[in-house]
Amino acid sequence: MAREQQKDLAQKFVEAQGKWDTSAIEATLASDAKHDLLPASLGVGQKDNAGKLEVTKKMASAHGEKPVTIKILQNIQDVEKRKAALFIEKEYDFGAVQSFLVLNFNESNDKITHTVEFVNAEAQKKLMAKMQ
């Protein structure tokens with residue numbers, strides 16, 4: 001049961017991100033969730049939910065509110081530790097970009113408490129430039 005809860009929550013989070021749906025993203029997150037974007041060389045500090053949702057709004061605007069297809073290529077779960085590592089691919093107008101997304105879940109597996117996304121730094125810089 002916990003495995004399916006985690007898998008379903010991860011899917012909801014990813015789908016909401018692709019649609020830039022900040023309400024749906026927020027619904028998957030614990031109120032005190034933290035968000036990291038790595039590598040650190042990007043200079044992006046840890047964000048709280050408000051910061052994560054603000055970045056999502058800026059990204060949506062930079063993409064003309066056009067949804068981005070995000071495929072989960074692989075989902076590796078450690079149910080007991082309440083973690084999932086997702087290998088994902090995002091389809092942008094300039095091409096596909098793959099990254100790793102690590103999600104931590106709360107004890108009841110109904111909220112995400114921490115997200116860590118390891119991205120392709122060059123592709124992320126292109127995205128960040130569009131947000132300026």
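Past the 21 Å Cα-Cα mark, which pairs from Lys19/Lys83; Lys19/Lys58; Lys52/Lys126; Lys57/Lys83; Lys12/Lys34? Mind dumping the intermediate values first?
Details: Lys19/Lys83 24 Å; Lys19/Lys58 13 Å; Lys52/Lys126 18 Å; Lys57/Lys83 26 Å; Lys12/Lys34 18 Å.
Pairs exceeding 21 Å: Lys19/Lys83; Lys57/Lys83.
Here the simple spin-label model places points 7 Å from the Cα toward Cβ, and for Glu91 and Lys58 these points are separated by 2.7 nm. Accessible area of the chain with a 1.4 Å probe: how many percent of it is carbon plus sulfur? Whole-percent figure for carbon plus sulfur exposure: 49.
Looking at region 36-91, the GluC sites (Glu not before Pro) that sit in a DSSP loop and have at most 13 other Cβ atoms within 10 Å of their own Cβ are Glu65, Glu80. Here is how the number arises for the chain: DSSP H runs of 4 or more residues each give -39500 (n - 2.57), the sum is divided by the residue count, and the result at 222 nm is -11500 deg cm²/dmol.
The mean accessible area for residues of the chain, using a 1.4 Å probe and ignoring ligands and nucleic acids, is 56 Å² per residue. Checking [x] -0.80, -0.84, -0.99, -1.15; [y] -0.29, -0.35, -0.67, -1.26; [z] -0.42, -0.50, -0.83, -1.18 against log10 I(q)/I(0) by the Debye sum over Cα atoms at q = 0.10, 0.11, 0.15, 0.20 Å⁻¹ calculated from these atoms, the matching label is [y].
Restricting region 39-132 to chymotrypsin sites (Phe, Trp or Tyr not before Pro) that sit in a DSSP loop and have at most 11 other Cβ atoms within 10 Å of their own Cβ leaves Phe94. In this calculation the C-beta distance from Lys71 to Asn106 is compared with R0 = 22 Å, giving a FRET efficiency of 0.25.
The values are calculated or read from the model by the stated rules, or taken from the named source; none is laboratory data. Predicted model, so just to flag it, every value in this text is computed and none were measured. As a convention, Cβ positions derive from the backbone with ideal geometry for all residues, glycine included, and neighbour counts pool all protein chains shown. Accessible surface areas use protein heavy atoms only, side chains included; no ligands, DNA or RNA. Shrake-Rupley method; radii C 1.70, N 1.55, O 1.52, S 1.80 Å.
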